[in-house]
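J.: Got a structure here, written out as structure tokens. Questions coming.
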Amino acid sequence: MSVRIWVEGRRVDDGAAISPIDHGVTVGDGVFETAKVENGRVFALEMHHDRMDRSLAGLGLPKLDRAKVDDGIAAVLEGDQIDFGRLRYTVTGGVGPLGSDRGDAPPTHIVTASAVPRPAPTTKVATVRWTRNENSAVAGLKTTSYAENVVALAAAKQNGGSEAIFANTLGNLCEGTGSNIFVVLGERVVTPPLEDGPLAGITRDLVIRWGREAGIEIVEEPLSFDVLTECDEAFLTSSTRNVQGIHAINERQLGEEDTPGRVTARLAEVFSKRQDELLS
């Protein structure tokens, strides 16, 4: 799949772009955002910029140079329109020592974009034995240190899932490797609170806000991991999944494949109708 790449002011689609001793490469010292591209337009870009500023502050890096990154975004979106895709922009600590200490180099800015398949209406997920640490120094930050997610997602795929679901160290439901999770209990929709360690997902936030405005009861509260064996419905949210129903959790069937539950389908419809408000 073709990926368009911009680094520090120029398109470099061949990928030869950053130093081998960039701190993003050597120690994973960086943050990133993934936004949805819909018909050549970026969804909720300012919300993504705001979250990146929170992640940068959490790592002690300077605020995002929005003008520079916006130039990079324009560069990777020019030309043939991406009907549905993933825009990813990354800021690293720049060139630095081989250890954890930072040097004096400025941050490195990277922007990429590529078309991706549209999400299926539902998917299967698998739970994993590893946990999220809600007390971690990087809890809630979207950092480039993703090896934990790589391992967990590979394990989930071995069990037929497209996403791995984590508990936190308290035994509470937390999140997926790149998604937030919601469960439906009767008429109530519940998702883990940010204090339990999940990322503050952009789609998560909008589903909560727009769902409540549509009259759906949505709450943020701690949930035992065992809720996955008891819930009536469950769904994932992320930039490129939108609102995606879960038809199976491990070997537990929650419904028919490609047919979201009633509450999930309503929230997916609400999200679809309102997303144009944030396309730029």
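The values are calculated or read from the model by the stated rules, or taken from the named source; none is laboratory data. Predicted, not measured: the structure shown is a model, and the values here were computed from it. Cβ: placed from backbone, ideal geometry, glycine included. Neighbour counts: every protein chain shown. Surface accessibility is based on the protein's heavy atoms, side chains included, excluding ligands, DNA and RNA. Shrake-Rupley method; radii C 1.70, N 1.55, O 1.52, S 1.80 Å.
J.: Consider just the alpha-carbon atoms of the stretch 1-115 and return their Rg together with their Dmax, both in angstrom.
T.: Rg and Dmax of the stretch 1-115, Cα atoms, are 14.0, 42 Å.
J.: Another question about this same structure. Can you figure out the FRET efficiency of D65 with T229, using R₀ = 30 Å and their beta-carbon distance, to the nearest 0.05?
T.: The computed FRET efficiency comes out at 0.05.
J.: Suppose every Lys and Arg Cβ carries +1 and every Asp and Glu Cβ carries -1, with no other charges. What dipole size does the stretch 1-88 come out with about its Cα centre, to the nearest 20 debye?
T.: 160 debye
J.: Now, a different point. Over the stretch 26-153, what relative contact order in percent results from Cα pairs under 8 Å that are six or more residues apart?
T.: Across the stretch 26-153, relative contact order equals 33 percent.
J.: Nearest 5 percent is fine: what portion of the DSSP beta bridges confined to the chain is antiparallel?
T.: Here the share of antiparallel DSSP bridges comes out near 80 percent.
J.: Additional query: With θ taken as phi - 60° and the coefficients 6.51, -1.76 and 1.60, list the Karplus ³J(HN,Hα) couplings across the stretch 209-225 in order, rounded to whole Hz; mark glycine and proline as x.
T.: 5, 6, x, 4, 5, 8, x, 8, 7, 10, 10, 10, 7, x, 10, 4, 4
J.: Also: Pop the C-beta distance of A155 and A120 into the FRET formula with R0 = 22 Å and round what comes out to the nearest 0.05.
T.: 0.60
J.: Roughly how compact is the stretch 28-186, stated as its Cα Rg over 2.2 N^0.38 Å to two decimals?
T.: 1.14
J.: Would you be so kind as to identify which of L87, V128, C231 lies farthest towards the positive end of the dipole of the chain, taking Lys and Arg as +1 and Asp and Glu as -1 on Cβ and the Cα centre as origin?
T.: Of L87, V128, C231, it is L87.
J.: If you place +1 on the Cβ of every Lys and Arg and -1 on the Cβ of every Asp and Glu, how big does the dipole about the Cα centre of the stretch 174-248 come out, in debye to the nearest 20?
T.: The dipole of the stretch 174-248 has a size of about 360 debye.
J.: Per-residue HN-Hα couplings for the stretch 128-135, Karplus 6.51 cos²θ - 1.76 cosθ + 1.60 at θ = phi - 60°, whole Hz, x for Gly and Pro?
T.: Working through the residues one at a time gives 10, 7, 7, 10, 7, 9, 5, 9 Hz.
J.: For the stretch 170-234, treating each Cα as an identical point scatterer without solvent, what Debye log10 I(q)/I(0) comes out at q = 0.17, 0.21, 0.29 1/Å?
T.: -0.54, -0.84, -1.43
J.: Can you give the calculated 222 nm mean residue ellipticity of the chain, where each DSSP H run of n ≥ 4 adds -39,500 (n - 2.57) and the sum is split over every residue, rounded to the nearest 500 deg cm²/dmol?
T.: My calculation for the chain gives -7500 deg cm²/dmol from helical runs alone.
J.: Please give the charge dipole size of the chain, origin at the Cα centre, charges +1 on K and R Cβ atoms and -1 on D and E Cβ atoms. Round to the nearest 20 debye.
T.: For this selection, approximately 260 debye.
J.: Could you state the number of Å between the C-alpha centres of the stretch 137-174 and the stretch 226-265?
T.: Between the Cα centres of the stretch 226-265 and the stretch 137-174 lies a distance of 17 Å.
J.: Assuming a strict under-21 Å limit between Cα atoms, what lysine pair count do you get for the chain once near-sequence pairs (fewer than 8 apart, same chain) are dropped?
T.: Within the chain, the lysine pair count is 6.
J.: Give the long-range amide H neighbours of V128: residues separated by 5 or more places, or on another chain, with amide H under 5 Å away, using H modelled in the peptide plane at 1.01 Å from N.
T.: I165, A167
J.: Rounded to the nearest whole Å², what accessible area per residue is found for the chain with the 1.4 Å probe?
T.: Using a 1.4 Å probe on heavy atoms only, each residue of the chain averages 45 Å².
J.: Classify the stretch 84-172 as rounded, prolate or oblate, taking a ≥ b ≥ c as the square roots of the eigenvalues of its Cα gyration tensor: rounded when a/c is under 1.5, otherwise prolate if a/b is larger than b/c and oblate if not.
T.: Since a/c reaches 1.5 but b/c is at least a/b, the shape of the stretch 84-172 is classed as oblate.
J.: Quick check: at a probe of 1.4 Å, how many percent of the accessible area of the chain sits on carbon and sulfur atoms?
T.: 49 percent
J.: How far is helix 262-274 tilted, in degrees, relative to the longest principal axis of the Cα atoms in the chain, given as a value from 0 to 90 rounded to the nearest 10?
T.: Approximately 40 degrees, to the nearest 10.
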